[in-house]
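Have a look at the structure below, then the notes.
The values are calculated or read from the model by the stated rules, or taken from the named source; none is laboratory data. Just so we're clear, the structure is a prediction, and the values are computed from it rather than from any experiment. Glycine gets a Cβ as well: all are built from the backbone with ideal geometry, and neighbour counts include every protein chain shown. Heavy atoms of the whole protein, side chains included, go into the accessibility calculation; ligands, DNA and RNA do not. Shrake-Rupley method; radii C 1.70, N 1.55, O 1.52, S 1.80 Å.
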Amino acid sequence: MAEHLVIDHVGHLGDGIAFADGQAVYVPYTLGGETVEVAPVPGHHPDRRRLLAVERASPERIAPFCQHFGTCGGCAIQHWQSERYRAWKREAVIATLAQAGIACEVYPLIDAHGLGRRRITLHARMGTHDVLKVGFAAANSHDIIPVDRCPILDPGLGGALDAAWAIAEPLISIGKPLDIQITTTDNGLDVDVRGSGPLPATMIATLSRIAEQRGLARLTRHGELVLMRTPPTIAIGAARLTLPPGSFLQATVAGEETLAALVSEHCRRAKHVADLFCGVGPFALRLAAKARISAFDSDAGAVTALQKAATSTSGLKPIKAEARDLFRRPLMPQELRDYDAVVFDPPRQGAQAQAQQLAASKIPVVVAVSCNVATFARDARILIDGGYEIEGVTPVDQFRYTPHVELVARFKR
């Protein structure tokens, strides 16, 4: 049954929020001040609504640039003027910090979309009538939206969608849903397929043939090599790093470079830096131009790749990389004594255990990088309660058109 609502404002997740009978109601793809016609979403929480029509549009509304916007779940906001969208993203950071009692300067949002996303995960499923679907997940649904183009991708991913379809076609006969992670590298596309289970030799041969035909740099299945035509490498500062299969990277090249520049500036006087949750070394390999680095991460493949890149790059200060689960075994205050700066860039769940040990340490400078404002605020509160002063937060927008935002902040004793 349709109803008519007036949208009050855009919430932190990008949905328009209206009030019906005193209760908040969430309507995707709407803006504050709009009058909209909506309907309930079957099978979803009763506070969700589906947009049927915008009856009175906001003057800030613009036409989305992607034909899949509104069905594909990849982007939440393409319909809002850039200036207001940017202000909303920064205001969301300010509000979340305020809820944690953190009062500090929040600098202007830095746009770091650059050339676009350099890594994607496509999903392949067999739909009704045995029709293969390869694409992105629908908004608030497990349905797959087949796509033949995506305008927010780095040009280096130009052949990624076609390659995913070609790989999925023979594999889907196994009957399992597939996730296909594709990263653009300096030498071509690096593809890791998950969900297939063990493959017979005939299927391995078929996939190898597809990888050759598509000119893929490497094709792996759950990290196991199927075919490597050439090692997939990326440049990080002066170093050249061969990516481990399925490895994590910042979503855009501009995003990585922006975050690294902020981290480097905040550590500019440091001579010995601990890089916690270091990944493949986007910070460590740049900081090593001026400082000795000890790098830690639970991903042994990433640590090995970082160490190999460091060893084969001339002109860097020493880098010692170690595999260590910092959630279970955070660096303790006595282990932190030798460093004059610590950088930590945890996953979305933050680094509560490590933050508690940092708060108990005497490290003069701590630089926090985060992709989750809420867990950043929690960890920052721990550092502040431990005697650190927060000098300001810089929001970075590498996930343009989504509610996600990266943060970099410097804490000092």
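Using the Cβ atoms and a cut-off under 13 Å, what net charge is assigned to the surroundings of GLY101, where Lys and Arg are +1 and Asp and Glu are -1?
Around GLY101, the surrounding residues sum to +1.
Quick check: the distance between the Cα centres of region 240-283 and region 375-413, to the nearest angstrom?
Between the Cα centre of region 240-283 and that of region 375-413, the gap is 16 Å.
I want the antiparallel fraction of DSSP beta bridges within the chain, as a percent rounded to 5.
Close to 70 percent.
At q = 0.10, 0.11, 0.15, 0.21 Å⁻¹, work out log10 I(q)/I(0) for region 177-316 with the Debye formula, treating every Cα as an identical point scatterer and leaving solvent out; two decimals please.
-0.38, -0.45, -0.76, -1.23
Which value in nm describes the separation of the simple spin-label points at THR71 and LEU132, placed 7 Å from the Cα toward the beta carbon?
Here the modelled spin labels are 2.0 nm apart.
Return the Rg/Rh ratio of region 17-97 with Cα-based radii and a Kirkwood Rh.
In region 17-97, Rg relative to Rh is 0.96.
For TYR388, TYR401, give the ranking by accessible area with the largest first, probe 1.4 Å.
These residues rank, largest area first, as TYR401, TYR388.
log₁₀ I(q)/I(0) of region 340-381 at q = 0.34 Å⁻¹, via Debye over equal Cα point scatterers, no solvent, to two decimals?
With one equal scatterer per Cα and no solvent, log10 I(q)/I(0) is -1.31.
Restricting the count to DSSP beta bridges whose residues both fall in region 150-295, what percent are antiparallel, rounded to a multiple of 5?
Among the beta bridges of region 150-295, antiparallel pairing accounts for roughly 65 percent.
Please list HIS4, HIS68 in order of solvent-accessible area, largest first, computed with a 1.4 Å probe with all protein chains present.
HIS4, HIS68
Using protein chains only and a probe of 1.4 angstrom, how many square angstrom of ASP8 are accessible, to the nearest 10?
Number for this one is 90 Å².
Specify whether the C-alpha gyration tensor of region 261-413 places it in the rounded, prolate or oblate class, a ≥ b ≥ c being the square roots of the eigenvalues: rounded for a/c under 1.5, otherwise prolate if a/b is larger than b/c and oblate if not.
rounded
Kirkwood Rh, Cα Rg: Rg to Rh for region 120-247?
Rg divided by Rh gives 0.97.
Across bins of 5 angstrom width beginning at 0, how are the C-alpha pair distances of region 191-249 distributed, in whole percent?
Spelled out bin by bin, region 191-249 gives 4, 18, 28, 22, 15, 7, 4, 2, 0 percent.
Provide, as a two-decimal number, the C-alpha radius of gyration of the chain over 2.2 N^0.38 Å, N being how many residues it has.
1.06
Tell me, what are the semi-axes, in whole angstrom and largest first, of the equivalent ellipsoid of region 1-153 as set by the roots of 5 times the Cα gyration tensor eigenvalues?
Semi-axes (√(5λ), whole Å): 27, 23, 15.
Give the Rg (one decimal place) followed by the Dmax (whole number) of region 284-367, computed from C-alpha coordinates and expressed in Å.
13.0, 36
What accessible area, in Å² to the nearest ten, does a 1.4 Å probe give for ARG268?
Counting only protein heavy atoms, the figure is 120 Å².
For SER294, which sequence-distant residues (separation of 5 or more, or a different chain) have an amide H within less than 5 Å of its own amide H, given hydrogens modelled in the peptide plane?
For SER294, whose amide H was placed from the backbone, the distant partners under 5 Å are VAL273, ALA274, ASP275, LYS320.
Among the listed pairs LYS317/LYS362; LYS320/LYS362; LYS89/LYS271; LYS89/LYS308; LYS290/LYS412, which have their C-alpha atoms separated by more than 32 angstrom in this model?
Violating the 32 Å limit, Cα to Cα: LYS89/LYS271; LYS89/LYS308.
Rounded to the nearest 0.05, what FRET efficiency is calculated for ALA24 and SER173 with R0 set to 56 Å and r the Cβ-Cβ distance?
My answer for the efficiency is 0.75.
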